[in-house]
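Please read the structure below before turning to the comments.
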Amino acid sequence: MKVKKVDIFFLIIGITVLIFLFSAPPQTTPRVPADDIHRDLKDEKRCTECHGKGTNKPLPEKHPNKERCLLCHKRKS
Ligand code: HEC
Ligand code: HEC
């Protein structure tokens, strides 16, 4: 089988993707505290009552403003 230029092209893309995946930083997302407020709280719609704009524990300026809070913020065990 003859190796074509396009094969090498895709090989390089594959390797680049792998390097990218393996060099991802360790998870640093702050965990949800295991305190009285958070322990029994499963309704993600209520998070913004205390973490929305103008509250005393707002999201950081550059926070990814998504709704599925608990996908990223794992609970402290
Ligand atoms: C009743 C108000 C309230 C609600 C509702 C609430 N939180 Fe909090 N949250 C706080 C307060 C106050 C702190 C700070 C606690 C501390 O520093 O010990 C905090 C801290 C946090 C932290 C840690 C921040 C840090 O500095 O490490 C995360 C993450 C968090 N909350 C996520 C959530 C998520 C996700 C939800 C929804 C499931 C939620 N919170 C709902 C009041 C609330
Ligand atoms: C896409 C992933 C992701 C989602 C979804 C997400 N967060 Fe975050 N959150 C992060 C990261 C990463 C940080 C740390 C940002 C930083 O340090 O600048 C953070 C920081 C925070 C902090 C501040 C912690 C501190 O140390 O002060 C709070 C509070 C928080 N998030 C609450 C929430 C709430 C409430 C929701 C749902 C509305 C939510 N997050 C959804 C990734 C996420």
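Nothing in this text is a laboratory measurement; each read-out follows from the coordinates by a stated rule. None of the values given here were measured: they were computed from a predicted structure. Backbone-built Cβ (ideal geometry, glycine too); neighbour counts: all protein chains shown.
Computed quantities for the displayed model
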{"quantity": "Chain lengthening between Lys45 and His73 when straightened (0.36 nm per residue, less Cα-Cα)", "calculated": "8.6 nm"}
{"quantity": "Neighbour-limited loop hits for GluC sites (Glu not before Pro), the chain (at most 13 other Cβ within 10 Å; DSSP other than H, G, I, E, B)", "calculated": "Glu61, Glu67"}
{"quantity": "For the chain, built as a Gaussian network whose Cα springs stay under 10 Å, the top-fluctuating residue of Leu21, Leu59, Leu11", "calculated": "Leu11"}
{"quantity": "Length added when fully stretched, Ile8-Lys53, from 0.36 nm per residue minus Cα-Cα", "calculated": "11.2 nm"}
{"quantity": "Principal-axis tilt of helix 5-22 within the chain, Cα atoms, nearest 10 degrees", "calculated": "30"}
